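**Q** Below you will find the structure I want to go over with you.
Please treat every number below as a calculation from the coordinates, not as lab data. Keep in mind that this is a model prediction, so the values were computed, not measured. Quick reminder, even Gly has a Cβ in these numbers, built from the backbone with ideal geometry, and neighbours come from all protein chains shown.
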Amino acid sequence: MKIPFLELKPGVKELQSEIAEAVARVIGSGVYIGGEEISKFEEEFAQFCGAAHCVGVSNGLDALHLALRAVGIQEGDEVIVPSNTFIATWLAVTMCGAVPRPVEPLAATHNLDPDKIAEVIGPRTKAIIPVHLYGQPADLDPIIHIAQRYGLAVVEDAAQAHGCRYKGRRIGAHSDAVAWSFYPGKNLGALGDGGAVTTNRGDVADALRSLRNYGSPRRYVHDAKGYNARLDPIQAAILRAKLPRLDEWNARRKAIAALYLDELSDSALGLPFVPTFADPVWHLFVVRHPARDALQRELAEAGVETLIHYPTPPHLQGAYSGDTFTPLPIAESLASEILSLPMGPHLAMADAKRVSLAVNEAASSLRFDCTQNAKA
Ligand SMILES: *Cc1c(COP(=O)(O)O)cnc(C)c1O
């Protein structure tokens, strides 16, 4: 038996005719940049998120970068980021010429600890980027409260959080701007690169529309030093075909997460903790174990593919080796213990059950090893 971490082909197969029809529609339209597929997708995704505006862009990194530019981040500014996120959150800050200031997460939720934010705010701090890591919302109310108190912008990184809810309301318009990725493996994924920013702020939406298209509000008028960061209409059409299935596919992820939580409750693993404010969409199901590498090896031998999100925090990457940071022990200890189990809308429940059995077996043999070592 082999259970892959994530398979994308079954999702394409389930929507084969809708996707083929969407691609054919663009090919037949004669419009290959911008056009109706983009504006329709933007309307539909904004409505899904409960946001007034959606601006399609080229990918999640550009969504973050342009959102930061649109709220006014400039060279020399500082932006607060989680210490344990995917490096794109930090790179978007660096792309603005600004400096990422890491803040540690709460170990229980893996999300930004609101109580640790105020202590890193200085005169150059201009924004906070909460990340809704693994499809679970960060605790937005206290974060937005701190931002208002210090006059900071908030840009959410929702690349893993399509459809998730904070205190009953969908992620998409709680703060100044919300950045999305449609990388194929995300909960709402294109068949290539794609991204978007949602917001309730008309001025931010206008700035984004200009920045993604050479800083041009009208043809041959360039008010800002912009970029080419547009969403591809073929990807927009494919996303329109997939968006109506997102809630159903998220519900399947939820059922798998419920099975894992139930089946793994007796093991020595650290299991995901869901605060009462959160309605997660389980982009990833991440467990913790002190002997993570051994656990991953045993699971691989049992045919279960697992991944680590992420094995090295950004501050320890070569990309940031020239910068100095205060110690970030929570990010480092999480990185050494986390393991992502197979998860996706097309993972069969029977396979999720087999994953649970393999995990329980591996965890108990590791516990046995520990006792043996203690005796020796
Ligand atoms: C995927 C991801 C991104 C980047 O998205 P791309 O579309 O690959 O550029 C940013 N932040 C987080 C948390 C992500 O998971």
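**Q** Sorted by mean Cβ packing within 10 Å, highest first, what order do the peptides 297-307, 18-28 take?
**A** Numbers: 297-307: 16.5, 18-28: 14.8.
Descending mean neighbour count gives 297-307, 18-28.
**Q** Between S39 and L91, what length comes free when the chain is fully extended (0.36 nm per residue of separation minus the Cα-Cα distance, one decimal in nm)? Kindly include the intermediate steps, with their values, before the conclusion.
**A** Details: separation 52, 0.36 × 52 = 18.72 nm, distance 2.80 nm.
Length gained, S39 through L91: 15.9 nm.
**Q** A further question follows. About the Cα centre, and with charges only on the beta carbon of Lys, Arg (+1) and Asp, Glu (-1), how big is the dipole of region 260-371? Nearest 20 debye, please. Before the final figure, lay out the partial values.
**A** Details: 6 positive and 14 negative charges, 9 e Å.
So the dipole magnitude of region 260-371 works out to roughly 40 debye.
**Q** So what are the ³J(HN,Hα) numbers for region 315-330, from phi and the Karplus equation (6.51, -1.76, 1.60; θ = phi - 60°), rounded to whole Hz, Gly and Pro as x?
**A** 5, 9, 7, x, 4, 10, 5, x, 9, 10, 9, 5, x, 10, x, 5
**Q** Which entries in the list K40/K186; K9/K126; K126/K167; K167/K242 go over 31 Å, if you measure between the two C-alpha atoms of each? Write out the running numbers ahead of the final one.
**A** Working: K40/K186 21 Å; K9/K126 42 Å; K126/K167 26 Å; K167/K242 26 Å.
The pairs that break the limit, which is 31 Å between Cα atoms, are K9/K126.
**Q** Now a separate question. Determine how many Å³ per residue the convex hull of the Cα atoms of the chain encloses.
**A** 143
**Q** Name the residue farthest towards the positive end of the dipole of the chain from the options A67, H315, V31, assuming +1 on Cβ of Lys and Arg, -1 on Cβ of Asp and Glu, about the Cα centre.
**A** Of the candidates, V31 comes out farthest on the positive side.
**Q** Moving on to the next point. On full extension of the chain, what length is gained from D247 through A108, given 0.36 nm per residue of separation minus the C-alpha to C-alpha distance?
**A** So the chain would gain 47.4 nm between D247 and A108.
**Q** Among DSSP beta bridges lying fully in the chain, give the percent that are antiparallel, nearest 5.
**A** Details: 23 of 38 bridges.
Of the beta bridges lying entirely in the chain, close to 60 percent run antiparallel.
**Q** May I ask which residue of V81, G151, A335 lies farthest towards the positive end of the charge dipole of the chain, with charges of +1 (Lys, Arg) and -1 (Asp, Glu) on Cβ and the Cα centre as origin?
**A** Checked the options; the winner is G151.
**Q** For region 145-257, give the share of DSSP beta bridges that are antiparallel, in percent and rounded to the nearest 5; count only bridges with both residues there.
**A** Roughly 75 percent of the beta bridges in region 145-257 run antiparallel, per DSSP.
**Q** Which parts of region 252-283 would a label at E361 reach, counting a residue when its backbone N lies under 17 Å from a point 7 Å out along Cα-to-Cβ?
**A** Under cut-off, by backbone N: 263-264, 267-268.
**Q** Could you identify which residue out of P327, P342, P275 has the top mean-square fluctuation in a GNM of the chain using Cα springs shorter than 10 Å?
**A** Taking springs between Cα atoms under 10 Å, the residue moving most is P327.
**Q** Grab the Cα-Cα distance for Q148 and R169, subtract it from 0.36 nm times how many residues apart they are, and report the gain in nm with one decimal. Provide the component values of the computation, followed by the final result.
**A** Values: separation 21, 0.36 × 21 = 7.56 nm, distance 2.02 nm.
Full-extension gain reported as 5.5 nm.
**Q** Sticking with this structure for a sec: Amide H neighbours of G194 under 5 Å, counting only residues 5+ apart in sequence or on other chains, H built in-plane at 1.01 Å?
**A** HN-HN under 5 Å from G194: G60, F182, Y183.
**Q** For the chain, find the longest principal axis of its Cα atoms and tell me its angle to the long axis of helix 233-242, 0 to 90°, nearest 10.
**A** The two axes meet at around 50 degrees.
**Q** Tell me, what HN-Hα J-couplings in whole Hz come from the Karplus equation 6.51 cos²θ - 1.76 cosθ + 1.60 at θ = phi - 60° for each residue of region 190-206, using x for Gly and Pro?
**A** Coupling constants for region 190-206: 7, 9, x, 7, x, x, 7, 10, 10, 6, 8, 8, x, 5, 5, 4, 4 Hz.
**Q** Could I ask something else about it? Treating the angle as unsigned and between 0 and 90°, give the value, to the nearest 10°, between the Cα long axis of helix 292-301 and the longest Cα principal axis of the chain.
**A** Between helix and principal axis, roughly 80 degrees.
**Q** Now, a different point. Quickly work out the Q47-to-S333 label distance, labels modelled 7 Å from Cα along the C-beta direction, and quote it in nm with one decimal.
**A** Result: 4.8 nm between the two label points.
**Q** While we're on this one: How high is the FRET efficiency between A224 and E18 when r is their beta carbon distance and R₀ equals 45 Å, given to the nearest 0.05?
**A** The formula returns an efficiency of 0.75 here.
**Q** Give the lysines whose C-alpha is closer than 19 Å to that of K353, dropping any in the same chain fewer than 8 places away, or say none.
**A** By straight Cα distance, K353 reaches K2, K254.
**Q** Does anyone have the angle between helix 16-29 and the longest principal axis of the chain? Alpha-carbon axes, 0 to 90°, nearest 10?
**A** The angle comes out at about 20 degrees.
**Q** 5 Å is the cut-off here: which amide hydrogens, built 1.01 Å from N in the peptide plane, fall below it relative to E156, excluding neighbours closer than 5 in sequence?
**A** A177, V178, A179
**Q** I need the phi-derived Karplus couplings for region 336-345: 6.51 cos²θ - 1.76 cosθ + 1.60, θ = phi - 60°, integer Hz, Gly and Pro marked x.
**A** 7, 10, 7, 8, 9, 7, x, 7, x, x
**Q** Springs between alpha-carbon pairs under 10 angstrom, Gaussian network model over the chain: which of G195, G122, G226 fluctuates most?
**A** The residue that fluctuates most here is G122.
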